[in-house]
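What follows is one structure encoded as structure tokens, with my remarks underneath.
No lab work stands behind these numbers, since they all come straight from the coordinates. Nothing here was measured: the structure is a model prediction, and the numbers come from that model. With ideal geometry, Cβ positions are generated from the backbone for all residues, glycine too; neighbour counts draw on all protein chains shown.
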Amino acid sequence: MRTSQFPLSTVKEIPADAEIASHQLMIRAGLIRKLAAGVYTWLPLGLRVLRKVEHIVREEMNKAGALEVLMPALQPAELWQETGRWEKYGPELARMKDRHERDFCLGPTHEEIITDLARNELRSYKQLPITYYQIQTKFRDEIRPRFGVMRSREFVMKDAYSFHLDQESLQATYDVMYQTYTNIFNRFGLKFRAVMADSGSIGGAVSHEFHVLAASGEDAIAFSDTSDYAANIEKAEVRRPPFNRPEPGRNLEKTATPGKKTIAEVCEFLGTTADKVLKTLILVQRPANPQDREARNAYYMVLLRGDHELNEIKLSKIIGNFDFAKDDEVQEALGCRPGYIGPVCQENQPFLGHIIADYAVENLSDFVCGANDEGFHYTGVNWERDCALTQECLHDIRQIGEGDPSPDGEGNITIARGIEVGHIFQLGTKYSEAMNAAIVNEAGKNQIMVMGCYGIGISRVVAAAIEQGHDERGIIWPNELAPFQVAICPMNMYKSDRLVDTVEKVYQELTAAGIEVLLDDRKVRAGFMFSDMELIGIPHRIVIGDRGLDSGTVEYQGRTDRESQEVPFSELVGFIK
Ligand code: ATP
Ligand code: MG
Ligand code: MG
Ligand code: MG
């Protein structure tokens, strides 16, 4: 490619809204242009990088046996209603009506669509396991789109979905995907970590995030310096107390200890102060309207005070982390009747509710707090016991920090910043059950399929690569993602026919060897060429001048080299490859 046909769109100005290096550099190097908040056009140079990311992902997914499909961005509301996510997803879902007033959305993800496809296309267990994937545009009306394509409202994702007869088969594919992701991020040439992530839903669904390490990362991850332990901070800060499933049928309403404590007394038990408790403890009530699914999700993580003051606290934050909606599931998991249960939950630690509820079930046979369908009215609480246990639990869940012993008992914890570029997840039967995606099993019976899903933020990877690779002069691409590998900068080419011939020859030779070359044939100063090539991050630069023609050499400098060196023409291809 020649700059005469492939004009560079580099600019000097840093846009006012570009807070981090990758966003600034993507604009300055002419990779993207903003159309609206969180909505970007990819320019030719940027698109070359995006396509490289896609290409590597596609190759590795194909290698893993996944089948490529392409699903629509426009999705009918009916499918989302089947799984309950039409109500649950919230304002991040970009909704619209068609001319017939029918509800649609622009897909932020495709579980509903693929599950619909699978229930229609898959018939027999012999077709399983199967993994579908696509590389496709997603829409999320992010509350705060920022950092350019890092957190945008329209972005490209690779999303894959696997279907299985049983958990064992899911685990096998999950392991393959974990390895595939490792291969993909290695091929990108990026420093990354796979970490355990918490799903927040009951039943211990397995999930891992892949993070590119970068100081500007929005997430914190914790890992051990001597073992494989690695988790995102939400997962790492939770240390579960031992929990054995209670016997089914046991319930918690047996013995009530009438009377309730004042907040001051509760605080004393918890060893904390009232203002803290008011901020961190939440009263969750069973909703008067049983159709209110969100509130129902939370009803079992309950309580603290006998009055209703805390009802005001908005619950959306924690409830968003609880996926399981059904009374009977909760009942089964906790071994108690719906409407009765446990002590406290911290606003910023959604899992705490779980743990304490688990703990209470396990340890408090006479633990009581009563609720009816109107909300809370206490029948009585054994505060002394309740608070002592709460304290014990809280103690167990203090946030993990730098230098702490690793939860697996091996080594100490390092905390680093990461950018979430991939997320894999064992979905189980959450979607297949809601949408009745069944298959005929070996015994000839219908059986609900087990599912996994696997995402990579294709466009976010481009920004993440720049976060990890840049200096004051511009982008430093890893070889595999660079839009071109080599920049040829001829010195005063138009003054010498001999030079024109040589430049042309070198360009042809490198191109023929499969190297992507950008020949700067603009009539501009050398310094101008150099700063452009550095800004756009081309890994190898070759300067060809009249002087080198006599000695048969070019002046070579790698993007991160301090000095240039002479390389003979004849050795150039080998040198670069
Ligand atoms: P985040 O925590 O950053 O909001 P997420 O957990 O909501 O991401 P997933 O639903 O796991 O995202 O989607 C899979 C991948 O898609 C993410 O790992 C990330 O790389 C990418 N992604 C998600 N949201 C965005 C966005 N707004 N802009 C660009 N990429 C995104
Ligand atoms: Mg998100
Ligand atoms: Mg996330
Ligand atoms: Mg995620």
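Summary of computed values
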read-out	value
Contour excess over end-to-end distance, with Cα ends at residue 218 and residue 566 and 0.36 nm allotted per residue	121.0 nm
Rg to Rh, two decimals, where the stretch 110-181 supplies the alpha carbon set and Rh follows Kirkwood	1.08
Karplus-derived HN-Hα couplings along the stretch 452-458 (A = 6.51, B = -1.76, C = 1.60, θ = phi - 60°), whole Hz, x at Gly and Pro	x, 9, 8, x, 9, x, 4
Calculated FRET value between residue 81 and residue 501, using beta carbons and R₀ = 41 Å, to 0.05	0.05
The stretch 2-17 - phi-based ³J(HN,Hα) in whole Hz, Karplus 6.51/-1.76/1.60, Gly and Pro as x	10, 4, 5, 9, 10, x, 7, 10, 5, 10, 8, 6, 9, x, 4, 8
Pairwise FRET efficiency - residue 442 versus residue 508, Cβ, R0 = 45 Å, nearest 0.05	0.15
Cα gyration tensor, the stretch 431-577 - rounded (a/c under 1.5), prolate or oblate	prolate
Stretchable slack from residue 12 to residue 126, in nm (0.36 nm times residue separation minus alpha-carbon distance)	35.2 nm
Volume per residue that the Cα convex hull of the stretch 61-142 spans, once the total is divided by residue count, Å³	114
Extension reserve of the residue 523-residue 55 stretch, reckoned as 0.36 nm per residue once the Cα distance is removed	165.1 nm
Approximate spin-label separation residue 404-residue 547, in nm, with each point projected 7 Å along Cα-to-Cβ	5.9
Hull volume in cubic angstrom per residue (convex hull over the Cα atoms of the stretch 500-569)	97
Long-range HN-HN contacts of residue 554 with modeled amide H, under 5 Å	567, 569
GluC sites (Glu not before Pro) lying in DSSP loop within the stretch 73-171, provided at most 10 other Cβ fall within 10 Å	101
Amide H contacts under 5 Å for residue 411, placed H, 5+ residues apart	406
Amide H contacts under 5 Å for residue 147, placed H, 5+ residues apart	19
Integer Hz, Karplus 6.51/-1.76/1.60 couplings in order for the stretch 409-424, x for Gly and Pro	x, 10, x, 10, 8, 10, 9, 9, 8, x, 10, 6, 10, x, 8, 10
